[in-house]
Amino acid sequence: MRKVLPIVAAVASISVFSSSSQTQSATEPVVLRASTMLDGRGHVLHDTAIVIENGRITQLDAKAKGKIYDLRGLTVLPGWIDAHVHPTWHFDANGRLAGQDEPKELTALAGAANSWKMLAAGFTTVQSVGSPLDKDLRDAIERLALPGPRILTSLEPIFGRGDATGTSEELRAIVRQRAKDGANVVKIFAAGSIREGGKPTLSQEQLNAICSEAKQAGLRTIVHAYGPAVRMAALAGCTQIEHGLYASDDDLRLLAERGTYFDPQAGLVLQNYLDNKAHYLGIGNYSEAAFDIMEKVLPEFQELFRHAIRTPGLKVVFGTDAVAGAHGRNAEEFLFRVRTCGQDAMDALVSANSLGAEALGLQGQIGSIAVGYDADIIALDGDPLKDITAVRRVVFVMKHGVVYVNQLAQR
């Protein structure tokens, strides 16, 4: 592994966006020299250089000149995409899961801090599915240069209540309102929490209405689903299904046939709950019985993941469902997927690069190192294809041509 700066020097070397760095990137090409580069599409390139101008990749040319960042000896790859996060979830000053009664200003600050943690960990794009506060956070990152990943948000989710309430037209109206409010995607709860059995909470007719209206509005749909709700969401033409426990092999084949993206979690979110039990216990539905359920279903989720990656043609994307305690640790999900569930390391990385971009409708913009793409680029101290724990050692992060983390040793 390449030598990097000690922790104190590394913190001091972190580069956060400034007007001077923006001016420099606009006037002088930035060149990243790489001895080993993963292009995000499943290919490994050697001894090349990435040329960046105005936030985009303009060339791959080993002889290019400009402002040089020497990343040789590291593994260079596109910034990761996490298709399912909750940036505003956090523990309050008492070490407990913050509730709805917390002042929104504090929640927003926690969201900003969690966003920085994810960016510094190599996640340059995330999809937040479940908070109206995400809009201001997304806009602050885009317009005010707040350090954080590119955020796509569903704003408030659409909840099924299990009693067939909500006519098709009422649900369509909610979708239209989400589009008007600036949502990037529609999040649908088509089943209850796994801590409460995960039973369907919307009918087939209701799901059909929501997903068809979203398509008309130009929005994707992401569905929280377990058991029967998985097939229902696929039949409704929804874009992506989350979690999916108790889906059968026939259900998984149906997802593959329909081109539905699937985001099963292999371990991080449930292990995070178990590790942080004291912070959650007694709040909402986080009871002792609920923790017993989560411990029981963790290996069941992992077995589902194994079935998913063995299903021909199924598009398994990378999403962590990062909640309080998990932000900045998103890459631990790679270890569960590769070490515990047996996914090929390259496939796992591609699921968080080009495949993740495709699921978000951003193919051609992010997720690959190629001419014309946004310069979202990270470097790892180590080779994740040989040792997946290298994903823990992110030493360089660039988003849209701006360097946010630089722990490179002086050479």
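One table, with the values for the structure above:
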| item | result |
| --- | --- |
| Residue in the range 259-274 that is within 30 Å of Gln177 (Cα to Cα) and among the β-branched types (Val, Ile, Thr) present | yes |
| Among residues of the range 287-323, those that are of a type in the set (Ser, Thr, Tyr) and more than 30 Å from Arg258 (Cβ to Cβ), counted | 1 |
| Qualifying residue in the range 260-277 (condition: at pLDDT 95 or above, within 19 Å of Lys315 (Cβ to Cβ) and of a type in the set (Ser, Thr, Tyr)) | yes |
| Odd one out for Ala83 among (1) open to solvent by less than 40 Å² (accessible area, probe 1.4 Å); (2) modelled with pLDDT of 95 or more; (3) part of a loop (DSSP other than H, G, I, E, B) | (3) |
| Residue match in the range 32-46 (condition: free of Cβ contacts under 8 Å to residues at least 24 places away in the same chain, outside any loop (DSSP other than H, G, I, E, B), open to solvent by less than 10 Å² (accessible area, probe 1.4 Å) and out of contact with any Cys (no Cβ under 9 Å at 6 or more places or on another chain)) | no |
| Hey, Gly342 at pLDDT 95 or above, assigned to a loop (DSSP other than H, G, I, E, B) and under 18 Å from Ile81 (Cβ atoms) or not | no |
| Entirely in the range 116-222, the helices (runs of 4 or more DSSP H) that have 2 or more residues that are open to solvent by less than 30 Å² (accessible area, probe 1.4 Å) and under 29 Å from Ala98 (Cα atoms) | 134-143 |
| Residue within the range 362-370 that is at pLDDT 95 or above, part of a helix (DSSP H, G or I) and open to solvent by less than 20 Å² (accessible area, probe 1.4 Å) present | no |
| Residue under evaluation Phe318, criteria (1) surrounded by fewer than 23 Cβ atoms within 10 Å (Cβ to Cβ); (2) closer than 29 Å to Tyr280 by Cβ, criterion not met | (1) |
| So Lys180, is it out of contact with any Ser or Thr (no Cβ under 8 Å at 6 or more places or on another chain), among the charged types (D, E, K, R) and farther than 21 Å from Leu155 by Cβ | no |
| Options Tyr286, Tyr246: the member that is of a type in the set (Ser, Thr, Tyr), part of a loop (DSSP other than H, G, I, E, B) and in contact with a helix residue (DSSP H, G or I) (Cβ under 6 Å, 6 or more places away or on another chain) | Tyr286 |
| Test for Glu105: is it among the acidic types (Asp, Glu), in a helix (DSSP H, G or I) and under 20 Å from Ile81 (Cα atoms) | no |
| From Ala390, Ala357, Ala326, residue being of a type in the set (A, V, I, L, M, F, W, C) and more than 29 Å from Ala145 (Cβ to Cβ) | Ala390 |
| Some residue of the range 121-137 being among the hydrophobic types (A, V, I, L, M, F, W, C), touching a residue at least 12 places away in the same chain (Cβ under 8 Å) and over 30 Å from Glu300 (Cα atoms) | yes |
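Yes/no per residue for (1) buried (at least 21 other Cβ atoms within 10 Å of the Cβ); (2) touching a residue at least 60 places away in the same chain (Cβ under 8 Å); (3) farther than 19 Å from Val223 by Cβ:
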{"site": "Gly237", "(1), (2), (3)": "no, no, no"}
{"site": "Glu257", "(1), (2), (3)": "no, no, no"}
{"site": "Pro264", "(1), (2), (3)": "yes, no, no"}
{"site": "Gly282", "(1), (2), (3)": "no, no, yes"}
{"site": "Tyr286", "(1), (2), (3)": "no, yes, yes"}
{"site": "Ala290", "(1), (2), (3)": "no, yes, yes"}
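The values are calculated or read from the model by the stated rules, or taken from the named source; none is laboratory data. Everything quoted here is computed from the prediction, not taken from an experiment. Don't worry about glycine lacking a Cβ; one is built from the backbone with ideal geometry, like all the others, and counts go over all protein chains shown. Just so you know, the surface numbers come from the protein's heavy atoms only, side chains and all, with ligands and any DNA or RNA stripped out. Shrake-Rupley method; radii C 1.70, N 1.55, O 1.52, S 1.80 Å.
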